[in-house]
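To start, the structure under review is shown below, and the notes come after it.
The values are calculated or read from the model by the stated rules, or taken from the named source; none is laboratory data. For clarity, every value in this text was computed on a predicted model and none was experimentally measured. Virtual Cβ from ideal backbone geometry, glycine too; neighbours counted across all protein chains shown. Ligands, DNA and RNA are excluded from the accessible area calculation, which covers all protein heavy atoms including side chains. Shrake-Rupley method; radii C 1.70, N 1.55, O 1.52, S 1.80 Å.
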Amino acid sequence: MLTFMSEFSIAVIAGDGVGQEVIPEALRVLDQVAPRADAAFRYLHFDWGAEYYLRQGRMMPADALDLLRPVDAILLGAVGHPDIPDHITLNGLLLPIRRGFDQYANVRPAVLYPGVASPLAGREGGSIDMVVVRENTEGEYAQVGGFLYHHQPDEVAIQTAVFTRRGIERVVRHAFEIAQRHGGRRKVTSITKSNAQGFGMVLWDRTFAKVAAEFRDIETESLLVDAAAMNFVRRPESFDVVVASNLFGDILSDLSAIITGSIGLAASANLDPSRRYPSMFEPVHGSAPDIAGRGIVNPLAAILSASMMLDHLGLEGAGRSVERAVAAVLAEGKVRTPDLGGTSSTREVTDAVLAGLN
Ligand code: NAD
Ligand code: IPM
Ligand code: MN
């Protein structure tokens, strides 16, 4: 019998801290599912990050985006080092890739898997199943501004949020398209602060209403971000797809992660839905210097991010099988890292996922 093998080139940037520990685990899982999906992954490893910065004076080479552009997808661990200011590391590596490759939709699912305890009282597995869709190229992260009287006593800093009709419209539309596919409550909640921020967020609300009119079969809701934070805790089961600006989506996706058990389970996809550029898959968490190097970081956020990458590459069957194997390990409850109340190592958790895939 003839089979047709698809080959994919994957840029791998493990990055800093626990990024170096979780990415090898995600690659073990990818290597295990590849043959059954008739796929082969060719990894291009890039040693960019804080160590690179300490040697070269920059987080990645000047032609980094040119090196990444031809790949089918990017898998990233984490960026951030206790000895280097975060605005240097993040503006030197992670954020330029998101922006440079127009990865405007940052998709962050939050599922309370059976067997995982939520810090919220009385929440059963399956009761929380939401997706935070975060605008990922502009808004509060536009990096427009500057210093006046730099480092003088009367210093002034200006940091301007930039909201464009195009930028809002495309991410809101992506959120509605997810709501149509997601199989959940078929609802999109838009989150702003238009009572206080009367320009950008007002444009957001208006644009949301305009796009919503194209999706009459999807229920809509608009919340102010303060009330939304409260409602993530009070009635998390009422959310399906949530769409928010760059900063609000950042904050709310740590909240959606913890109410579903741990940031160690939170996966994300930085998507260019137009597929002009490669998309990037990474755990929501950072380099976690407080636990790095001890072999106890939860690898599941990185593994679930790899599963999102499989979906994006058209290998949905393989993506689903990885998610099912992760869910089974969580449901069984025997093998888990300390963030989920267990005593297992990073490697043991991956071993359990690999065993479940067999
Ligand atoms: P963090 O996500 O690294 O850690 C927050 C807390 O969660 C820590 O207590 C950590 O031990 C725990 N944690 C995180 N991931 C875990 C996992 N997989 N398993 C178990 N526990 C886990 O956030 P932070 O401490 O605010 O930031 C640390 C550094 O990472 C900073 O330099 C920050 O700028 C950077 N950061 C990078 C990214 C990214 O690369 N995408 C995301 C967030 C933060
Ligand atoms: C995330 C992170 C980044 C962000 C930081 C590290 C710049 O917190 O991916 O959630 O705010 O986008
Ligand atoms: Mn964040």
If we take segment 230-339, then strands (runs of 3 or more DSSP E) inside it with 2 or more residues that are more than 9 Å from ligand 1 (Cβ to nearest atom), β-branched (V, I, T) and in contact with a strand residue (DSSP E or B) (Cβ under 8 Å, 6 or more places away or on another chain) are 241-244
Hits in segment 174-229 (condition: closer than 13 Å to A244 by Cα and open to solvent by 70 Å² or more (accessible area, probe 1.4 Å)):
S222, D226
(1) within 30 Å of S274 (Cβ to Cβ); (2) open to solvent by 40 Å² or more (accessible area, probe 1.4 Å) all hold for Y53 apart from (1)
From the list A179, A196, exactly one residue is under 20 Å from A228 (Cα atoms), modelled with pLDDT of 95 or more and in contact with a Lys or Arg (Cβ under 7 Å, 6 or more places away or on another chain). Which is it?
A179
Could you go through segment 37-49 and let me know if any residue there is surrounded by fewer than 22 Cβ atoms within 10 Å (Cβ to Cβ), closer than 25 Å to Q143 by Cα and at pLDDT 95 or above.
no
Quick check on this structure: which one of V233, V241, V284 is crowded, with 22+ Cβ neighbours inside 10 Å and over 12 Å from the mean Cα position of the chain (by Cα)?
V241
Confirm whether N298 is closer than 16 Å to G15 by Cβ and either of a type in the set (A, V, I, L, M, F, W, C) or at pLDDT 95 or above (or both).
no
Within segment 11-42, the residues that are of a type in the set (S, T, N, Q) and within 18 Å of the chain's Cα centre (by Cα) are Q20
Could you check, for segment 247-254, whether at least one of its residues is open to solvent by less than 10 Å² (accessible area, probe 1.4 Å) and touching a helix residue (DSSP H, G or I) at 6+ places or on another chain (Cβ under 6 Å)?
no
State whether the residues of segment 138-154 include one that is in contact (Cβ under 8 Å) with a residue 24 or more places away in the chain, more than 16 Å from ligand 3 (Cβ to nearest atom) and within 30 Å of R186 (Cβ to Cβ).
yes
Strands (runs of 3 or more DSSP E) (entirely within segment 119-209) containing at least 2 residues that are touching a strand residue (DSSP E or B) at 6+ places or on another chain (Cβ under 7 Å) and on the phi > 0 side of the Ramachandran plot
139-148
Quickly run through segment 36-91 and pick out the residues that are under 24 Å from D102 (Cβ atoms), among the small types (G, A, S) and within 16 Å of ligand 2 (Cβ to nearest atom).
G49, G77, A78, G80
I'd like to verify a number: residues in segment 253-270 that are more than 12 Å from ligand 2 (Cβ to nearest atom) and closer than 15 Å to E323 by Cα, how many?
2
Scanning for something within 23 Å of the chain's Cα centre (by Cα) and surrounded by fewer than 16 Cβ atoms within 10 Å (Cβ to Cβ), does segment 266-273 turn up at least one residue?
no
Enumeration of residues in segment 42-93 that are within 16 Å of ligand 3 (Cβ to nearest atom) and touching a residue at least 60 places away in the same chain (Cβ under 8 Å):
L76, G77, A78, V79, G80, T89, L93
Whichever residue in segment 108-118 is aliphatic (A, V, I, L, M) and in a loop (DSSP other than H, G, I, E, B) and, among such residues, is nearest to the chain's Cα centre (by Cα):
L112
Number of the condition not met by A327 [criteria: (1) within 13 Å of Q32 (Cβ to Cβ); (2) of a type outside the set (F, W, Y); (3) open to solvent by less than 60 Å² (accessible area, probe 1.4 Å)]
(1)
Would you check if D217 is in contact with a helix residue (DSSP H, G or I) (Cβ under 7 Å, 6 or more places away or on another chain) and of a type in the set (D, E)?
no
Can you tell me which residue within segment 88-107, out of those that are within 14 Å of ligand 1 (Cβ to nearest atom) and in a loop (DSSP other than H, G, I, E, B), is surrounded by the most Cβ atoms within 10 Å (Cβ to Cβ)?
L93
Given A301, A325, A331, which one is within 17 Å of V111 (Cα to Cα) and touching a His at 6+ places or on another chain (Cβ under 7 Å)?
A301
